Amino acid sequence: MTIEDELKIITRNVVDVLPNKEELKKLLQERRPLKIKYGVDPTAPDIHLGHTVVLWKLRDFQNLGHIVQFILGDFTAMIGDPSGRNEARKTLPEDVIRDNAKTYLDQVFKILNKEKTEVNPNSKWFKQMGLDGFLGLASHYTVARVLERSEFKDRFVNKQEITLLEFIYPLLQGYDSVMLKNDIEIGGTDQTFNLLVGRDLQKDYGQKEQIVLTMPLLVGTDGTRKMSKTYGNYIGITDAAEQMFGKAMSITDNLIFTYFRLLTPVPETRIAGMELKVRSGEMNPRDAKAMLASELVVLYHGKEKALAASEEFDRIFKNKELPSEMPSSVYANSDKVWIVDALVDNKLAKNKTEANRLIQQGAVELDGSVISVPDYDISLEKEHILKVGKRRFLKIRGGKNTV
RNA sequence: GGGGAGAUGCCCGAGAGGUUAAAGGGAAUGGGCUGUAAACCCAUUAGCCGUAGGCUUUCGAAGGUUCGAAUCCUUCUCUCCCCA
C-alpha cells in the first residue's frame, strides 16, 4: 500500500490533523508501527456509539499495522474531566472505577483488535507522582497558554468561573503522552486543546511531539445535541438488539450517512452509492436507514439477531402486528384487574394520574381496541394484550393458567 | 473584609397579597399526518379519589403576619455580581 493510500484511510472522517497533514505523512514514511494514544476516563460503566467514532479510527490504524496505546484514565476518573460543563463533578470511588474499567474494556474490544492494543492505566504514574512531582509538571506550562483555550477565554471574559481543576486537567492528560511517548493522539474535537497540550508537554520534556487527530462529535438520536448519556439521546452498544434497531430507525434522515460513515465499517463506495440513490429519489431513505440499523445490530449482536430485530420491527411498525415476544404479567389471586392499576403495576405508567392521562388520550389499547375511559376492568378469564403508545406491549393473565 | 442581586414546576423564565396547580418558551409524552424521519397540527406535563366533581401537597429551608402568602416580616442555607 502506498503512503497516499494509507493517508487516505487515516484521514477519512477526520476533522483536523494538527499541526498539519504533511507531518503526518512524514511520520507514515518512516514505515514502522506507530503508537496511537487514546484515553478514556471510565466514569460510567457503558460506552455508546458516540465513543465508537474514535474507536473505528483506531481500528483503521490497527488494520494498517499500528499499535493502539489505550489510556485507561482510572486516576483522572477519580478527579473528573471538567471539559464542557461547569457543574461540579462527583468524585468516584475506586472500586466503581475498577468495575467500570472492566466493562469499558470489554466493550472497547468489540471494535479494537486486542492483539494490537496495550492498555495503560494512568494511575500507574499519577498515584506515585506526589506533590513535588506534580509541581514539577506544573512548571512546564503557563497560565497564559491555558487561557488561550477558547472555552476558557470566553468564560474568562464573561467572568464565569473556571476552577483550578479545569486548569490542571489538560496537564494530566498531556502528561500521559509524555509517559507513553506516543506518535499520535486521537480524540473528539472537544478535546483539541487537551491534545495540543500533550504536544507542548512532550516537546518541553525533550520528546518528539505527537500528531493530533480530531474526530467529529456524533450527533445524538435527537438530531441536535451531541450524543450523550445525560441527554438521553444515545444508543448504547449494550442496548438490546430490538432497542438498538428501533433507536437507529428513529434518527433524522440527514444523519443516516453520517452514521454510516462514522459508525460502521461499510466501505465508502457503498455508502456514497446509497447516498446518491436516496438523493435522486431512487431509494427511500427509510430503507437506507433500515440497512444502517441492521449494520449496527450486526456489529454488536451478530447477524442472526439483526435479522430478527429487523423482522420484528417490520412486524410491529410496518404491519402493525404484535411482537413475537412480549413481557407478561400474572395476577394470581383475582379474576379481574382495574386497567389503571394494570398500567401502574407494570410500569407502563409512572403513576395513576399518568395512567389516566394516557387512557384519556387514547394511548391505551386492549386486544386491539382503544380503551378511552379509565373506568374499565380487565377480566382475567383469558389472556389479554395491553398496548400503550406505539411500542409498549404487555400480556396480562390470571394466575391459574399455565404458560 | 465591604456593598449589591438572586433561588419559581424536567429546564429557561414571568408573577410583587386573593380570579395562580402558577403566563410564555424549550423539552418530553400521547394523538393526527408519515417511513417509530423531519416539518406541521392538536392535547398533556404535582399527586390522590373507579372519572366526577372534589381533595391534598408545591414557588431554596424553617418560623411568623393575614380571613387569605410564590408574593409581606424574621432567621437560616446556597448561588451570583461589584469594590478592596
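Just so it is clear, none of the values below were taken in a lab; they were calculated from the coordinates. Keep in mind it's a predicted model, so treat the numbers as computed, not measured. Using ideal geometry, Cβ is built from the backbone for each residue, glycine included, and neighbour counts are taken over all protein chains shown.
Brief remarks on what is shown
- Computed over the Cα atoms of region A:239-318, the ratio of the radius of gyration to the Kirkwood radius (Rg/Rh) comes to 0.95.
- Cleavage-rule hits (trypsin sites (Lys or Arg not before Pro)) in region A:194-225: DSSP loop, at most 15 neighbouring Cβ within 10 angstrom: A:208, A:225
- Entries of A:57/A:289; A:181/A:203; A:305/A:347; A:35/A:208; A:8/A:208 with Cα pairs more than 18 Å apart: A:57/A:289; A:305/A:347; A:8/A:208
- Legend: residue pairs A:350/A:387; A:25/A:127; A:25/A:303; A:25/A:110, Cα-Cα distance threshold 27 Å; pairs beyond threshold, A:25/A:127; A:25/A:303; A:25/A:110.
- You can think of it this way: the chain between residue A:129 and residue A:99 has 8.4 nm of extra reach, that is 0.36 nm per residue less the Cα-Cα gap.
- For the pair residue A:365 and residue A:204, a Förster radius of 56 Å applied to the C-beta separation gives a FRET efficiency near 0.25, rounded to the nearest 0.05.
- Centre-to-centre, using Cα atoms only, region A:184-259 and region A:98-129 are separated by 18 Å.
- For chain A, the relative contact order works out to 14 percent when only alpha carbon pairs closer than 8 Å and six or more residues apart are counted.
- Segments A:240-247, A:345-352, A:178-185, A:60-67 sorted - mean Cβ within 10 Å per residue, highest first: A:178-185, A:240-247, A:60-67, A:345-352
- Fully extending the segment from residue A:354 to residue A:8 would add 119.1 nm, taking 0.36 nm per residue of separation and subtracting the current Cα-Cα distance.
- Residue with peak Gaussian network fluctuation, chain A [Cα springs, cutoff 10 Å], from A:166, A:354, A:115: A:354
- Helix axis angle, A:49-63 relative to chain A longest principal axis, alpha carbon, degrees: 50 degrees
- Computed from Cα atoms, the angle from the helix A:285-301 axis to the main principal axis of chain A rounds to 70 degrees.
- A simple spin-label model places pseudo-atoms 7 Å from Cα toward Cβ; at residue A:377 and residue A:30 they are separated by 8.0 nm.
- Sequence-distant residues sharing a close amide H with residue A:188 (under 5 Å, placed H): A:215
- Region A:241-397 pair-distance distribution - Cα-Cα, 5 Å bins, rounded %: 2, 9, 16, 16, 14, 11, 10, 9, 7, 4, 2, 1, 0
- Average 1/r across all pairs of distinct alpha carbons in region A:328-398, invert it, and you get the Kirkwood radius: 11.7 Å.
- Helix-derived mean residue ellipticity, 222 nm - over chain A, DSSP H n ≥ 4, -39500 (n - 2.57), to 500: -13500 deg cm²/dmol
- Straight-line cross-link partners of residue A:116 among the aspartates and glutamates, defined as a Cα under 13 Å from its Cα and at least 8 positions apart when in the same chain: A:60.
- Mean separation of Cα contacts under 8 Å, 6 or more apart, over the residue count of region A:254-403: relative contact order %: 19 percent
- Principal axis dimensions, chain A - Cα atoms, whole angstrom, descending: 80, 50, 42
- The alpha-carbon positions of region A:3-215 define a convex hull whose volume is 124 Å³ per residue.
- Derived scalar couplings ³J(HN,Hα) [region A:264-278; Karplus, 6.51 cos²θ - 1.76 cosθ + 1.60; whole Hz; x for Gly, Pro]: 10, x, 5, x, 4, 4, 5, 5, 4, x, 5, 4, 4, 4, 5
- Degrees separating the helix A:94-108 axis from the principal Cα axis of chain A, which is the longest one: 80 degrees
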